[in-house]
1. Please arrange D173, D139 by how many other C-beta atoms lie within 10 Å of their C-beta, fewest to most.
2. Report the Cα centroid-to-centroid distance between the range 84-109 and the range 393-415 in angstrom, as an integer.
3. Pop a pseudo-label 7 angstrom from the Cα along the beta-carbon direction at both A73 and D45 and give the gap in nm to one decimal.
4. Specify the angular offset, from 0 to 90 degrees and rounded to the nearest 10, of the alpha carbon long axis of helix 180-192 from the longest principal axis of the alpha carbons in the chain.
5. Fewest first, what order do V335, V108 take by the number of other Cβ atoms within 10 Å?
6. Report, to the nearest 10°, how far helix 226-239 tilts away from the longest principal axis of the Cα atoms in the chain, using its own Cα long axis and a range of 0 to 90°.
7. With a sphere of radius 11 Å drawn around the Cβ of A269, what net charge do the other residues whose Cβ falls strictly inside it have (Lys, Arg +1; Asp, Glu -1)?
8. Tally Lys/Arg at +1 and Asp/Glu at -1 over every other residue whose Cβ is under 12 Å from the Cβ of T249; what's the total?
Amino acid sequence: MTRPTTTGAPAPGTRAPRPWPVLAALAWAAAVPLLWWWGGRLARDGEIMLSGDAAPFTGRLQVDVGPGTFVAAGVAALVVTFGPRLAARLAWRPLLLVAWATALVWTVALGASARWGDLTHPLEHRQDYLAAVPGAAADPGGFLATLQSDPVAYPVHVRGHPPAFTLLLAGMDRLGLGGAGWEAALVILAGTSTVVAVATTLRALGGRADTAGAAGRADTAGAAGAGERTARLALPAVVLAPAALWVATSADAFYAGVLAWGVALLALASTTTSPAARWSLAVAAGLVLGEAPFLSWGLAHMAVVVLAVPLVSRRWRPTLLAGAVVLASVVAWGVAGYWVWDGLAATHEAFTRGIADARPYGYFLVADAVLLGVLVGPAGVGGLTRVRRLDPATRWLAGLALATAALGALGGFEKGEVERIWLPVACWVAPAAAALAVRAPGREPGRVGWSGALRWWLVAQAAVALLVETRVHTSW
């Protein structure tokens, strides 16, 4: 009996796959140096650009290598070698723990590649959140009133965002957990947990393994539902996504975690068979998502990815209940002294008085798109060309994430806010990498997975992260 072909050349009678993923990744890679040249030319012409000489990145071009670089390279080698096999064979919960732990080590190693202090140094800047924490901790009501009426009085990051994150840090400070070290731990833990939240969402919406049918099978992924299979195939590429560079240490990593867990809770609420669990999870999702518009204005439109849940599950009641809780949260914040529309108007006025409004629109429109590709990595970029091979949940989540990113870029909301601003949507695009390991219907029979050739996509994923970390000294 002839065994089905699973790797290598196509089976007899089938066409070789078209190289669209490779072409897309090469076009994206070529765009980065072209943007660097374009940005340098605009800067010489007197245009207002980002700080540093590493455009489209925020930072300086310099070689920065240290012990953490070798730790990160070792983690990458382990993920490339053993990640696909573990993702296919481990039971679901242990797999999530291993993925989170690996993402955590990978992120910390990249963030502290040259020196340990690099994890906290960005958070200690005079324009970051911690500068406003003492005042917010001493008088939260006064902080809310001033931020809504005169945000320019505060550091750049504080006046450019709603008050929730500053107040969270103020609360931590009152509990004795103040300072850059605790903030770094908060954002890194939340940011790396998106790996778990996204995988949980894909499994809930796209189906999970039939445990009875999977009993005794060495390859758990082979017996999984479409959503779990996608999650398992995507995890190695998602863990190695270069987005980790901005998870350590940027507050946007915390924002990404909040949005991701809000979507995950809603997905669980919309797919559970227990009525009690359904409504309690929907309320929990509403409570989490209700904080999103008070953490970052960008989350207001990025939260469009939530719509993938009712569209795929075809259950709207949990979403409506969660939406009602979000509205209640908005009212509660207003009663406490911060009405979201007044705060948005004040922030917009402060934005138009700053230098960001004067940055060239065309350049940053292109830069935003290219740098979103940097965050998801070459495997994510290549996988998008074959995303139709994946389950509907993954397609909807990735499509809505790209749509909301396009909305923000076209509207100029993220002009000059490249890199870290895309963390809340990049985590939903990165699972498209799973499409690289899925055969086209009718082309090749047999089990799907990361073959020897496909593992080079994982190598490329890690290589981009290491290259940017060692060549560009970023602000985060």
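1. On the way: D173 19, D139 13.
Ranking D173, D139 by Cβ neighbours within 10 Å, fewest first, gives D139, D173.
2. One Cα centre to the other: 27 Å.
3. 4.0
4. Between the helix axis and the principal axis of the chain, the angle is about 30 degrees.
5. Details: V335 9, V108 23.
Listing V335, V108 from fewest to most nearby Cβ atoms yields V335, V108.
6. Tilt of helix 226-239: around 60 degrees.
7. Working: positive: R278, R315, R317; negative: none.
Combined, the nearby Lys, Arg, Asp and Glu give +3.
8. In short, -4.
Where a number appears in this text, it was derived from the coordinates with a stated rule and is not lab data. All values reported here derive from a predicted model rather than from experimental measurement. Cβ: placed from backbone, ideal geometry, glycine included. Neighbour counts: every protein chain shown.
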